[in-house]
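Visitor: To start, I am sharing the structure in question, which I have written as structure tokens.
A short reminder: the numbers here are calculations on the coordinates, not readings from a lab. Worth saying up front: this structure is predicted, and the values here are computed from it rather than measured. When we count neighbours, we look across all protein chains shown, and the Cβ atoms used for this are built from the backbone with ideal geometry, even at glycine.
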Amino acid sequence: MTATDSAGNVSNGKSITFSRVAPNTPTVYSVSNKANIVSGKAEKNATVTVKIDTNSFTGKVDSYGDFKITIPIQPFDKKLYITATDKDGNVSANNMVTVKRVAPNMRVVNAVKSTSTSVTGKAEKNSTITVKIGTKSYLDKVDSTGNFKITIPKQKKGTVIKVTAKDLKGNVSATREIKGT
């Protein structure tokens, strides 16, 4: 670099060395309370670290800039801290991600026979189960072990029974339909 004044005098040259700075903060896709993967975009070939409390999980960014790192399933509202480290050891700023809550799973709804007086199954513990038959609804809680039993009147064979689970935050599962046998 040189400087030239208004009279045209040029200063002695000065050289500058450019140094590499840390990678950009990784972009992280949403993480739910049912996911065991943290994924997103970061500098190609960098190493991405996911820090959860005192534990760290690492993975490589591929040549397209994508990464996927396996982690243990985390509770909703848990904070995850994600950084990228380049080959020279430069570390990006943290991207803090909060684990999101998703609707509960309706894992199992057992068959209902025409002689049955209940709908049973398994769902997220402490959620509320709604059984809808025609225009009538029957509700009860899932117990602390994930089992439920909702009392219903006997049904005719072929009756459509719709079952949903609702968690404490108000998230409702997909409807599970079964037909009485």
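Visitor: Provide a single number: the residues in the range 139-181 that are among the aliphatic types (A, V, I, L, M), surrounded by 14 or more Cβ atoms within 10 Å (Cβ to Cβ) and not in a strand (DSSP E or B).
Guide: 2
Visitor: Filter the range 74-92 down to the residues that are more than 16 Å from Ala35 (Cα to Cα) and part of a loop (DSSP other than H, G, I, E, B), then identify the one that is farthest from the chain's Cα centre (by Cα).
Guide: Taking the candidates together, the pick is Asp88.
For every residue, the table says whether it meets (1) free of Cβ contacts under 8 Å to residues at least 40 places away in the same chain; (2) within 30 Å of Val48 (Cα to Cα); (3) hydrophobic (A, V, I, L, M, F, W, C).
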{"position": "Phe76", "(1), (2), (3)": "no, yes, yes"}
{"position": "Asn95", "(1), (2), (3)": "no, yes, no"}
{"position": "Val119", "(1), (2), (3)": "no, no, yes"}
{"position": "Thr130", "(1), (2), (3)": "yes, no, no"}
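Visitor: Now for a separate question. Has the range 18-27 got at least one residue that is under 30 Å from Ser173 (Cα atoms) and of a type in the set (Ser, Thr, Tyr)?
Guide: Scanning the range 18-27 turns up at least one residue that is under 30 Å from Ser173 (Cα atoms) and of a type in the set (Ser, Thr, Tyr).
Visitor: With (1) touching a Phe, Trp or Tyr at 6+ places or on another chain (Cβ under 8 Å); (2) not in a strand (DSSP E or B) as the list, and Ser39 as the residue in question, which single condition is left unmet?
Guide: (2)
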